[in-house]
Every structure is written in structure tokens, then in C-alpha cells.
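Undergrad: Would you mind keeping the following structure in view while I ask a few things?
Bear in mind these aren't lab numbers, they're just calculated from the coordinates by the rules spelled out. These numbers come from a predicted model, not from an experiment. Every residue, glycine among them, receives a Cβ derived from its backbone with ideal geometry; neighbour counts consider all protein chains shown.
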Amino acid sequence: MDPESCEYYYSCNSWLAVHMPCYTSLVFNPQTSMCDYVQHVPSCQPQAVGDVVSPAEAN
């Protein structure tokens, strides 16, 4: 998971961390290790319509 944005995550490829985006309207869910709908990821709940907070901001 990218600590700066719920919309990105890191994937390892041959020992190299690759910064990957989730598809539009999805965020990374650390419990499933997959992109998911924001309502399924409490740490990435929007503060306002269209805004997705980073996990660091949610705490």
C-alpha cells in the first residue's frame, strides 16, 4: 500500500517495487491485497464527495 494515496499500491517484480494505480473509483484494500470499492476500506473513506484520503490522514 502507498502510504500517501489509497489509490496506489506497490507490486514486487523481480525484487523491484513497482508503483501501481488501482482502476478509477477503486482504492487498495490491504486486507485482501487487491483494489476494492472505497466503502470496503474504512481507512480510505472519503471526507467529501470525490475526495479519497490517504491512510496516514485517516489516523
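Undergrad: Which loop chymotrypsin sites (Phe, Trp or Tyr not before Pro) in the range 1-50, with loop taken from DSSP, have no more than 14 other Cβ atoms within 10 angstrom of their Cβ? Let's see the in-between values first.
TA: Values: sites: 8, 9, 10, 15, 23, 28, 37; in loops: 15, 23.
Sparse-neighbourhood loop chymotrypsin sites (Phe, Trp or Tyr not before Pro): 15, 23.
Undergrad: Extending each Cα 7 Å along its Cβ direction at residue 23 and residue 11, get the distance between those two points in nm, one decimal.
TA: Rounded to a tenth, the inter-label distance reads 1.3 nm.
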